[in-house]
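To start, the structure itself, in structure tokens.
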Amino acid sequence: MNRRPILLLLMSAAVVCATVALAQDKGSVDPKPLPPLANLNDPKLGAKELFGRKVLPAAMRTRVIGFYAKGCIAGAEALPINGESWQVMRLSRNRNWAHPDLVALLKRLADKAHKDAGWPGILVGDMSQPRGGPMLTGHASHQVGLDADIWLTPMPNRQLSRNEREEMSAIMMVRADRLDIDPKAWTPNHLAVIRAAAQEPSVQRIFVNAAIKKALCREAKGDRNWLSKVRPMYGHDYHFHLRIKCPPGSSECESQPEPSADEGCSAGDLAYWFKDSTIHPKPPKVPPKPKPPMTLAQLPAACRQILAAPDVRQ
Ligand SMILES: [Zn+2]
């Protein structure tokens with residue numbers, strides 16, 4: 001039996017869906033500790049193996065080093081797992097760390113979602129690891145404490161149990177044909193929460209599924225300037241991804257160009273995302289070679305120092 005076509009299909013699906021599954025990946029209330037590394041000096045060792053084993057931030061002043069998809073952070077702060085208007089999900093991942101500016105922004109946004117958008121609050125997914133850096137699973141970005149995923153599912157009106165935070169699934173916002181939002185799931189309050197996030201001056205980009213961008217374009221009333229920050233991206237059917245600019249004074253943080261000031265709502269802007277070849281991509285003829293993981297040597301040099309620093313005292 002020829003199993004190759006199935007393998008090809010699975011591999012291409014894995015490439016396209018790498019970010020799709022994130023909000024849905026379940027965790028465990030009793031995660032198994034990672035096995036110790038045999039050879040810390042192996043030059044091929046993925047930096048994710050090292051950063052993924054750090055439980056606490058480095059005892060150093062706050063520093064953002066490198067780029068969203070290639071860097072690390074010292075002095076990250078944890079978003080408390082329960083707030084008046086937020087709860088952190090998938091606690092087993094220990095990814096509720098970020099630059100203090102992003103932590104403050106998430107608290108503010110949670111409050112706005114509660115007061116202005118009529119949600120009890122927000123559910124917060126992955127932020128960064130305690131020292132940032134590449135992760136063992138999921139994201140290419142989220143490495144410098146300036147990215148956060150927020151579920152497109154309102155926080156329930158009660159405190160979720162540890163187990164629910166690992167097991168609960170977010171609500172799928174995109175219609176089965178992927179050409180628009182699911183009207184049974186999408187509400188004006190979703191727009192209000194995304195708008196509140198985009199209107200924060202320090203937010204540089206927000207990533208959502210193209211069907212969600214289309215709905216925002218159709219439904220946004222009044223000031224529409226914020227739409228320019230909301231960019232269509234693969235995945236993001238269940239959550240939106242919020243990215244802030246390099247915080248003031250972070251001279252080692254590598255910034256990203258500002259998105260164009262255009263709303264990005266014209267048929268031409270969205271055409272690519274709704275092409276059949278984008279929605280149903282053909283598997284590649286030659287399966288892509290798995291990329292070797294990013295090594296510590298490929299990260300900015302200061303990340304070695306941050307990795308080697310003692311834990312912050314709790
Ligand atoms: Zn994300």
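Brief remarks follow.
- Accessible-area composition of the chain, carbon plus sulfur, in percent [1.4 Å probe]: 57
- Length-normalised contact order of the chain in % [C-alpha pairs under 8 Å, at least 6 apart]: 24
- Rounded to 5, percent antiparallel among DSSP beta bridges of the range 76-220: 65
- For the range 135-169, the set of trypsin sites (Lys or Arg not before Pro) satisfying both a DSSP loop assignment and a count of at most 13 other C-beta atoms within 10 Å is given as ARG158.
- Phi-derived couplings, Karplus 6.51 cos²θ - 1.76 cosθ + 1.60 at θ = phi - 60°, listed residue by residue for the range 215-230: 5, 4, 4, 6, 9, 5, 10, x, 4, 10, 4, 4, 4, 5, 7, 8 Hz, with x used for Gly and Pro.
- Shape category assigned to the range 172-314 from the gyration tensor of Cα positions, a/c cut at 1.5: oblate
- Centroid-to-centroid separation of the range 247-270 and the range 32-47 [C-alpha atoms, Å]: 36
- Restriction of the trypsin sites (Lys or Arg not before Pro) in the range 283-314 to DSSP coil positions whose beta-carbon has at most 13 other beta-carbons within 10 angstrom yields LYS285, ARG313.
- Helical runs (DSSP H, four residues minimum) scored at -39500 (n - 2.57) apiece and divided by the length of the chain put the mean residue ellipticity at 222 nm at -7000 deg cm²/dmol.
- Entry note, the range 150-250: relative contact order of 34 percent, from Cα contacts under 8 Å with a spacing of 6+ residues.
- Sequence of CYS265, CYS303 when ordered by accessible area, the most exposed leading, probe 1.4 angstrom: CYS265, CYS303
- Derived scalar couplings ³J(HN,Hα) [the range 34-46; Karplus, 6.51 cos²θ - 1.76 cosθ + 1.60; whole Hz; x for Gly, Pro]: 5, x, x, 7, 5, 9, 5, 9, 4, x, 8, 4, x
- Three-way shape label, the range 231-314, alpha-carbon gyration tensor, a/c 1.5: oblate
- Global geometry of the range 104-259, whether rounded, prolate or oblate, following the gyration tensor of its Cα atoms and the 1.5 cut on a/c: rounded
- For the range 57-121, a Kirkwood radius taken over Cα pairs fed into Stokes-Einstein (4 °C, viscosity 1.567 mPa s) yields D = 99 µm²/s.
- Convex hull volume per residue for the chain, taking Cα atoms only, in Å³: 161
- Sparse-neighbourhood loop sites, trypsin sites (Lys or Arg not before Pro) in the range 212-251 - DSSP loop, at most 11 other Cβ within 10 angstrom: LYS221
- Among the listed pairs LYS32/LYS289; LYS32/LYS54; LYS54/LYS289, those with a Cα-Cα distance over 24 Å are LYS32/LYS289; LYS54/LYS289.
The values are calculated or read from the model by the stated rules, or taken from the named source; none is laboratory data. Keep in mind that this is a model prediction, so the values were computed, not measured. Heads up, the Cβs are rebuilt from the backbone with ideal geometry, glycines too, and the neighbour counts pull from every protein chain shown. With ligands, DNA and RNA removed, areas are computed over all heavy atoms of the protein, side chains included. Shrake-Rupley method; radii C 1.70, N 1.55, O 1.52, S 1.80 Å.
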